[in-house]
Amino acid sequence: QVQLAESGGGLVQTGGSLRLSCAASGRTLSNYAVGWFRRAPGQEREFVAAISRTGGNTYYADSGKGRFTISRDNAKNTVYLQMNTLKPEDTAVYYCAIKAGDATRSAPAYYYWGQGTQVAVSS
């Protein structure tokens, strides 16, 4: 059984940065594509970024292009989401999730999810 644990969330001011981590246990993360998603209060869950198993392909939502970078360290069984120039609209609970096969922007395709980490950006 795989467990995913997100960390690195917190409260930052507009323009600040955070690096989220998604650590896996129970499975070798290099066998899976990994996605980051977020859910803001009162809103639907939305795609943030995804990375292929080798890290050779990355995908971003338009909202994060140029500000967010997804990466992975398979030796550490961890995927990261570096978030720069944060805005109040980035406030949400951020989740990582994994799937076999290719990375995708579609949340239902991912079948293991972490518990989430809260990101709050003050104006």
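The values are calculated or read from the model by the stated rules, or taken from the named source; none is laboratory data. A quick note: this is a predicted structure, and the numbers were derived from the prediction, not measured. Because the Cβ atoms are built from the backbone with ideal geometry, glycine has one as well, and the counts that use them run over all protein chains shown. The accessibility values were calculated without ligands, DNA or RNA, using every heavy atom of the protein model including side chains. Shrake-Rupley method; radii C 1.70, N 1.55, O 1.52, S 1.80 Å.
Residues in the range 14-68 that are under 14 Å from residue 2 (Cβ atoms) and either among the β-branched types (Val, Ile, Thr) or free of Cβ contacts under 8 Å to residues at least 24 places away in the same chain (or both): 2 in all. Note on the range 60-87: residues that are out of contact with any Lys or Arg (no Cβ under 6 Å at 6 or more places or on another chain), in a loop (DSSP other than H, G, I, E, B) and under 13 Å from residue 19 (Cβ atoms) amount to 2. For the range 61-69, the criterion of being on the phi < 0 side of the Ramachandran plot and modelled with pLDDT under 95 is satisfied by no residue at all. The set of residues in the range 102-123 that are under 19 Å from residue 60 (Cβ atoms) and in a loop (DSSP other than H, G, I, E, B) comprises 102, 103, 104, 105, 106, 110. Restricting 77, 57 to residues that are open to solvent by 20 Å² or more (accessible area, probe 1.4 Å) and more than 20 Å from residue 115 (Cα to Cα) narrows the list to 57.
The criterion of being closer than 14 Å to residue 29 by Cα and open to solvent by less than 20 Å² (accessible area, probe 1.4 Å) holds for residue 97. Going residue by residue through the range 102-112, is there one that turns out to be in contact (Cβ under 8 Å) with a residue 24 or more places away in the chain and under 11 Å from the mean Cα position of the chain (by Cα)? The answer is no; no qualifying residue exists. Summed over the range 1-59, the residues that are in a strand (DSSP E or B) and within 19 Å of residue 78 (Cβ to Cβ) give a count of 26.
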